[in-house]
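The values are calculated or read from the model by the stated rules, or taken from the named source; none is laboratory data. Owing to the predicted nature of the structure, the values given are computational and were not obtained by experimental measurement. When we count neighbours, we look across all protein chains shown, and the Cβ atoms used for this are built from the backbone with ideal geometry, even at glycine. Areas reflect the complete protein model, heavy atoms only, side chains present, ligands, DNA and RNA absent. Shrake-Rupley method; radii C 1.70, N 1.55, O 1.52, S 1.80 Å.
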Amino acid sequence: AALRADATEVEREAAAILARGPVFARGLWRIAAADVTSGNRVRLLHDGAETFDAQIALIERAAQAVVLEGYIFRSDEVGQRFARALGDAAKRGVQVRVLVDWIGRMGTRRAFFQRMRADGVDVRIFNPPSLRRAWLGLVPRDHRKLLVVDGTAGVTGGIGIGNEWRTGVLKRRAAPWRDTAVLVEGPAARDMAAAFDHMWRRSLGVERRGRERLMTRRSRGAHLDPATHEGALVGIVEGEPGRRRVARALQIQAVSAERSIWIASAYFAPSLAEVEALNGAARDGVDVRVLVPHRYDHPWIRLLTRRYYRRLLANGVRLWEWSGEMMHAKTSVVDGRWVRVGSTDFNPLGIAINFELDAVIEDATLGGEAETMFLRDLENSVEVTL
């Protein structure tokens, strides 16, 4: 009888594992309008230097198309390196398109982008100010960070193109910003390329935000065959103004989490609903940890973030402040299996106002790596207590 009971338990666990593909796909589609694909290879990129090397390698091997979207694109050493790689790709016949946010590119002279255009790169600036637009065009911003090559491989995360992520901003602060990205190879790269096309058309004025409002089709990922899918399951979540997709994903994960919710957020000013979701999970025995910066590129943000400390700590959420240079990551890992890497911070701008992009990944191996990375970051952080 004991053997039969053990066998039954193993069968239940196996069935749960096999079922996770369609369940994950349906859930992400319903809360975030994101299709899920299987058969992806994923790799965490732990800092700016590693991310830049991976991105340049992708550009150099491109045969058909390169698309690059970023909030920040500076003309410093890092920016010059990317400009050369993109120009060389265009000269060898690759279609190269670059989309840069108008506010994010402030400080970068027009001549820098004009030289890229002279090399054959199609450069567009997203949402310049205009008297004919709501809020004078100052919001929403394109806060996404995305590179896709040939529709087969892509990189996304919180890392912009600039020296901040390589050597730091000021000479007296030579350490680079702490940040994370993810390299995705496989079918999800097509979704990443499609996400870029959505924003490219918006920059041309031929596609409005809220494109999902009239969508009638069902999730393509809901029909994944759980017995045959291999590799990581990846959903690309396109954050749009007013949609709150990543916030809903966090709340659903807080409901389903059994062991842990670990979050790194550069500009942490969550809504009351997000605070309640984290507090509720912590009160129910889930290990909830949040890592935020101690030193900010905008010092006043620290005062705003600290307003949430007491309410979280009193309910069992644990908080750490990063001890080094600016901690700019936007990641989360739940139960060591579900990983989010992207551009969305938990604050009103990231969740509800700007255009954002996040990869939500179901993969136990990547989840273990993300937890190891998070614990290593805590070693360079100070825990905050009441």
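Among the conditions (1) part of a helix (DSSP H, G or I); (2) free of Cβ contacts under 8 Å to residues at least 40 places away in the same chain; (3) of a type outside the set (Lys, Arg), the only one that LEU366 does not satisfy is (2). Inclusion of PRO128 among residues that are modelled with pLDDT under 95 and surrounded by 18 or more Cβ atoms within 10 Å (Cβ to Cβ) is not warranted.
When the criteria are applied in full, VAL23 fails the requirement of being of a type in the set (A, V, I, L, M) and open to solvent by less than 20 Å² (accessible area, probe 1.4 Å).
Being part of a strand (DSSP E or B), modelled with pLDDT of 95 or more, open to solvent by less than 10 Å² (accessible area, probe 1.4 Å) and farther than 30 Å from TRP338 by Cα: is that true of VAL148 here?
Judged against the criteria, VAL148 is not a match.
In contact with a helix residue (DSSP H, G or I) (Cβ under 6 Å, 6 or more places away or on another chain) and polar (S, T, N, Q): is that true of ASN279 in this structure? For ASN279, the condition - in contact with a helix residue (DSSP H, G or I) (Cβ under 6 Å, 6 or more places away or on another chain) and polar (S, T, N, Q) - is not met.
Going by the structure shown, is GLY87 over 26 Å from the mean Cα position of the chain (by Cα), surrounded by 16 or more Cβ atoms within 10 Å (Cβ to Cβ), in a loop (DSSP other than H, G, I, E, B) and not hydrophobic (A, V, I, L, M, F, W, C)?
No: the conditions fail for GLY87.
Kindly check whether there is at least one residue in the range 45-63 that is modelled with pLDDT of 95 or more, part of a strand (DSSP E or B), crowded, with 22+ Cβ neighbours inside 10 Å and not hydrophobic (A, V, I, L, M, F, W, C). Within the range 45-63, not a single residue is modelled with pLDDT of 95 or more, part of a strand (DSSP E or B), crowded, with 22+ Cβ neighbours inside 10 Å and not hydrophobic (A, V, I, L, M, F, W, C).
Kindly evaluate ARG172 against the criterion of being modelled with pLDDT under 90, surrounded by fewer than 21 Cβ atoms within 10 Å (Cβ to Cβ), closer than 30 Å to PRO129 by Cα and among the charged types (D, E, K, R).
Against the criterion (modelled with pLDDT under 90, surrounded by fewer than 21 Cβ atoms within 10 Å (Cβ to Cβ), closer than 30 Å to PRO129 by Cα and among the charged types (D, E, K, R)), ARG172 does not qualify.
Suppose we filter ARG283, ARG244, ARG289 for residues that are closer than 22 Å to ASP363 by Cα and touching a residue at least 24 places away in the same chain (Cβ under 8 Å); which single one remains? From the options ARG283, ARG244, ARG289, the qualifying one is ARG289.
For the range 281-302, the candidate set comprises residues that are in a helix (DSSP H, G or I) and over 10 Å from VAL317 (Cβ atoms); within that set, the residue that is least open to solvent (accessible area, probe 1.4 Å) is ILE301. Of the residues making up the range 90-125, those that are open to solvent by 70 Å² or more (accessible area, probe 1.4 Å) and either of a type in the set (S, T, N, Q) or assigned to a strand (DSSP E or B) (or both) are GLN95, GLN114, ARG124. Has the range 311-329 got at least one residue that is in a strand (DSSP E or B), closer than 26 Å to GLY231 by Cα and within 16 Å of the chain's Cα centre (by Cα)? Looking through the range 311-329, none of the residues is in a strand (DSSP E or B), closer than 26 Å to GLY231 by Cα and within 16 Å of the chain's Cα centre (by Cα). The requirement of being under 18 Å from the mean Cα position of the chain (by Cα) and charged (D, E, K, R) is satisfied by ASP101. Comparison of ALA314, ALA352 shows that the only residue that is crowded, with 16+ Cβ neighbours inside 10 Å and more than 26 Å from ASN40 (Cβ to Cβ) is ALA352.
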